[in-house]
Structures are given as structure tokens and as C-alpha cells.
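Single-structure report; data block below.
The values are calculated or read from the model by the stated rules, or taken from the named source; none is laboratory data. Here the structure is a predicted model, which means the values were calculated and not measured. Counting neighbours? That spans all protein chains shown, and the Cβs are built from the backbone with ideal geometry, glycine included. Surface areas here come from the heavy atoms of the whole protein model, side chains and all, with no ligands, DNA or RNA. Shrake-Rupley method; radii C 1.70, N 1.55, O 1.52, S 1.80 Å.
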Amino acid sequence: DPKIIQKPKYLVAVTGSEKILICEQYLGHNAMYWYRQSAKKPLEFMFSYSYQKLMDNQTASSRFQPQSSKKNHLDLQITALKPDDSATYFCASSHRTANTEVFFGKGTRLTVV
Amino acid sequence: GEKVEQHESTLSVREGDSAVINCTYTDTASSYFPWYKQEAGKSLHFVIDIRSNVDRKQSQRLIVLLDKKAKRFSLHITATQPEDSAIYFCAAISGSFNKLTFGAGTRLAVCP
């Protein structure tokens with residue numbers, strides 16, 4: 001019974017288009033994150049949110065915009081998609097934002113053609 | 001910023017033997033070191049962690065050692081089983097906001 005739900009599981013997009021990756025967590029956590037895993041780079045941190053506020057942003061491009069409509073939601077909007085954006089995007093959450101176990105969703109595998 | 005190096009990219013052991021995966025980190029302020037397991041095509045599954053106030057932690061067949069002076073930590077899997085085969089990632093957290101910096105991963109194969 002997954003507690004962090006990511007939709008869709010797989011996504012194919014055309015270069016230049018825009019997509020939204022959905023994430024909801026039912027762990028009662030206050031902090032949520034996005035990470036990216038690609039063939040070229042190890043797992044890398046993108047964003048952290050706490051109580052729906054952006055706490056840290058390590059993504060250089062403004063094409064990546066997190067959106068938090070509710071405390072347990074953190075969607076990721078990606079605009080002007082490029083083939084280099086192809087990766088698996090993992091949503092994660094934790095109870096607090098310091099030195100505590102981080103739980104990961106199953107990921108959305110994005111392919112940009 | 002923090003950098004985590006995972007020394008073994010692949011590791012092959014015989015079933016029943018021990019496996020050791022080593023990681024080093026750069027930020028002396030890092031205080032939390034989790035390990036994750038990722039099976040083929042699946043997400044990351046937390047396996048064990050260690051905080052900087054201790055130098056050893058054990059959970060069943062898993063042992064984590066932390067050497068703060070050397071900025072090194074390691075995962076020991078004892079009495080390995082075929083189901084231990086997966087990619088293992090070490091990580092470190094420094095500063096606030098629970099930002100995990102991951103190593104590149106170690107692909108562990110446990111052979112019968």
C-alpha cells in the first residue's frame with residue numbers, strides 16, 4: 001500500500017512541451033522533496049518544501065517549478081522540455097527537515113523525445 | 001557543498017559471505033548518514049542510518065560504521081542472501097532542510 005503516490009508512472013513528452021508530475025503523500029509528513037535520477041548523474045536533490053514553503057532549491061533552471069496546493073501535495077511542473085530532462089523523478093517526504101528518515105515514492109520515469 | 005564518494009561501483013560476493021561498501025564525505029558538518037537499497041526498476045528503500053553522535057549501529061544483518069575523523073562510513077552486510085542483490089546508495093545530510101547528497105551507488109551481486 002504505497003504511502004507516497006506519484007503519477008504518472010511513465011511519461012513520454014515532446015521536446016518543447018510542458019508536463020506536470022504529481023505527488024501526494026499520506027504519511028502525515030511536513031516536509032516534501034523532489035530528486036532526480038538519470039543515467040548520466042547520480043541521484044540529485046532538486047527541491048525541499050516544509051509546510052508548503054520552499055526551503056531549498058538546487059535546480060539551476062527556472063523551467064522546473066514545484067507547486068504545493070496542499071500540505072501533502074508537491075507537484076513538479078517542467079516547461080520547455082529538453083531531451084536532457086529525461087530521468088526518473090522521485091518525490092520524497094519526511095516528518096521533519098533535519099536528520100530524519102526520508103521516504104521515497106516509486107518515481108515518474110520521464111522520456112523526452 | 002557536500003560531496004559523497006562511494007568507492008565500490010560493483011561488488012560480487014558469495015552467498016553467506018559478508019559485503020562491505022565504503023563511502024567518504026567532505027563536509028565536516030554532516031551529521032546524518034542513511035543507506036538506501038534500490039532493486040531493479042524500483043524506488044529507493046531505506047535500510048539503515050547512523051547519526052554523528054555514534055560510531056556504530058546494527059540492525060539485524062546490517063552494520064554501519066562511522067569514522068568522523070576520516071570522514072568515512074561503511075555498510076556491512078553479514079551472512080548475505082540472494083535477496084540482498086541490489087544497488088546500495090550511501091548518503092549524507094549536512095545543514096538544514098534534510099538535503100540528501102548521494103553517492104553514485106554500488107551494485108551488489110550475491111551469488112549462490
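Descriptive notes on the structure:
- Cβ pairs under 7 Å, 6+ apart, first in the range A:37-53 and more than 17 Å from B:E5 (Cα to Cα), second surrounded by fewer than 16 Cβ atoms within 10 Å (Cβ to Cβ) and among the hydrophobic types (A, V, I, L, M, F, W, C): A:F47/A:L54
- Any hit, the range A:9-25, residues being at positive phi and at pLDDT 95 or above: yes
- Residue check for A:T111: part of a strand (DSSP E or B) and in contact (Cβ under 8 Å) with a residue 24 or more places away in the chain: yes
- Filter result for B:G105 (within 24 Å of A:S50 (Cα to Cα) and either in contact (Cβ under 8 Å) with a residue 12 or more places away in the chain or more than 14 Å from chain A (Cβ to nearest Cβ) (or both)): no
- Residue list for the range A:11-51, filter: open to solvent by 80 Å² or more (accessible area, probe 1.4 Å) and either within 17 Å of B:A91 (Cβ to Cβ) or away from every other protein chain (no Cβ under 13 Å) (or both): A:V12, A:V14, A:E18, A:Y26, A:K41
- The number of residues in the range B:90-101 being open to solvent by less than 10 Å² (accessible area, probe 1.4 Å) and facing chain A (nearest Cβ under 10 Å) comes to 4.
- Restricted to the range B:19-82, the set of strands (runs of 3 or more DSSP E) holding at least 3 residues that are among the aromatic types (F, W, Y) comprises B:32-38.
- Boolean, B:L108 is aliphatic (A, V, I, L, M), at negative phi, open to solvent by 40 Å² or more (accessible area, probe 1.4 Å) and part of a strand (DSSP E or B): no
- Residue in the range B:50-58 that is open to solvent by less than 10 Å² (accessible area, probe 1.4 Å) and within 14 Å of chain A (Cβ to nearest Cβ) present: yes
- For the range B:23-49, the tally of residues that are away from chain A (no Cβ under 14 Å) and surrounded by fewer than 18 Cβ atoms within 10 Å (Cβ to Cβ) stands at 2.
- Leading residue by the ranking (nearest to the other protein chains (Cβ to nearest Cβ)) among those in the range A:95-113 that are more than 22 Å from A:E18 (Cα to Cα), open to solvent by 60 Å² or more (accessible area, probe 1.4 Å) and in contact with a Leu (Cβ under 9 Å, 6 or more places away or on another chain): A:F103
- A:T88 being within 14 Å of another protein chain (Cβ to nearest Cβ), more than 17 Å from A:L27 (Cα to Cα) and either more than 11 Å from the chain's Cα centre (by Cα) or at pLDDT 95 or above (or both): yes
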